[in-house]
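Below is one structure, written out as structure tokens; comments come after it.
Rule-based calculations on the coordinates, nothing more; no lab input. These numbers were taken from a predicted model, which means no experiment stands behind them. Here Cβ is always computed from backbone atoms with ideal geometry, including for glycine, and neighbour counts include all displayed protein chains.
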Amino acid sequence: MKDRYINPFTDFGFKRLFGSEPNKDLLLDFLNELIKERGHIQDLTYLKAEKLGLSEFERRAVFDLYCESDTGEKFIVEMQKAKQKYFKDRSVFYSTFPIREQARRGQEWDFQLNAVYTVGILDFVFDEDKDSPEYFHHHVQLMETRRRKVFFDKLTYIYLEMPKFTKTEDELETHFDKWLYVIKNLPRLQERPRRIQERVFQRLFKAAEIARFEPSELAAYEESLKHYRDLKNVIDTGREEGREEGREEGLAEGLVKGREQGLEEGLAKGREQGLEEGRVKGRLENAKEVARQMKAAGEPVARIAAYTGLTAEQIRTL
């Protein structure tokens, strides 16, 4: 394999970097960057990713990563490779599991909840925000709309639209910038970037180096990478076919509209030209009638011409 480091958008790569106990400090550092305004997580515990729901559908719900902080906060962390029609709905639905799990069965409970965070690292862009390239870090909470203030701060959705993050190595300013740069560019790197030398990233690059894999790990990663590339190929092919179909439909529609617009513009132009020609002809006939009356009254040709604008030849033929 030509790549030096694994692709974190593969299932294997994501779980290896963020979902394994030996590399828990990587996830801890990343999450602390996301919620630094709320405090600092000292430790994390990985929880069972499969959920025990009431229905068969709910029991099939599986999180990429599910963990709990030392203060009881719940974190769902997902690497979303492909766009889904109801992705936001799915995020909200999944967030209900760690909320319901906090209910204390068989004892009195006053409904006090620990905070729940849903973090989505997205390999796609939301349609409604595609024209805002600078807006890629979404931090969503329940808000009282009239006062524009957070109404409930224990339910948070964080989405990162990775295709919009375009900073180069020389443009990196914060620790958070470095995290996004590494996540997006890791499989394309051959050397550790000179501006990213913090200890946590040294640990990440070591964990991500493919040459360190055992044969079984390498086989698992190659299979995961194949699935990822197949998915990307299907998405890219569908997108290209959609664009081609759109171009053909747009061309056909443009030709029809062009003909319609041309006909309409022609009619409008004809009407305007006809009106103008009518006005010119009307003025000419009016001038001739005035000239006839002046001529019958014995007015000299020069005076008639000056008054009506007609030429001497036109006046003599009346």
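Which shape class, rounded, prolate or oblate, goes with segment 5-156 when its Cα gyration tensor gives a ≥ b ≥ c as root eigenvalues, a/c under 1.5 marks rounded, and past that a/b bigger than b/c marks prolate? Taking the square roots of the gyration eigenvalues as a ≥ b ≥ c, segment 5-156 is rounded. The loop-placed trypsin sites (Lys or Arg not before Pro) in segment 70-123, going by DSSP, that have at most 13 neighbouring Cβ atoms within 10 Å of their Cβ come out as Lys85, Arg104, Arg105. Using R0 = 41 Å, the C-beta based FRET efficiency linking Phe93 and Glu191 works out to 0.45.
DSSP beta bridges fully contained in segment 11-211 are about 55 percent antiparallel.
Near Ile210, once Lys and Arg are set to +1 and Asp and Glu to -1 for all other residues with Cβ below 12 Å from its Cβ, the sum equals 0. In this structure, the amide hydrogen of Leu65, modeled 1.01 Å from its nitrogen in the peptide plane, lies closer than 5 angstrom to those of Val77, counting only residues at least 5 positions away or on a different chain. Separation of the alpha carbons by more than 30 angstrom is noted, of Lys36/Lys184; Lys85/Lys206; Lys15/Lys85; Lys48/Lys226; Lys2/Lys24, for Lys85/Lys206. Using a simple spin-label model with pseudo-atoms 7 Å out from Cα toward Cβ, Phe176 and Glu209 lie 3.1 nm apart. Packing, as the average of other Cβ atoms within 10 Å across residues, places the peptides 213-220, 159-166 in the order 159-166, 213-220, highest first. When the charge dipole of segment 83-163 is built from unit charges on Cβ atoms (+1 for Lys and Arg, -1 for Asp and Glu) and taken about the Cα centre, the candidate among Tyr157, Ser95, Gln107 whose Cα reaches farthest toward its positive end is Gln107.
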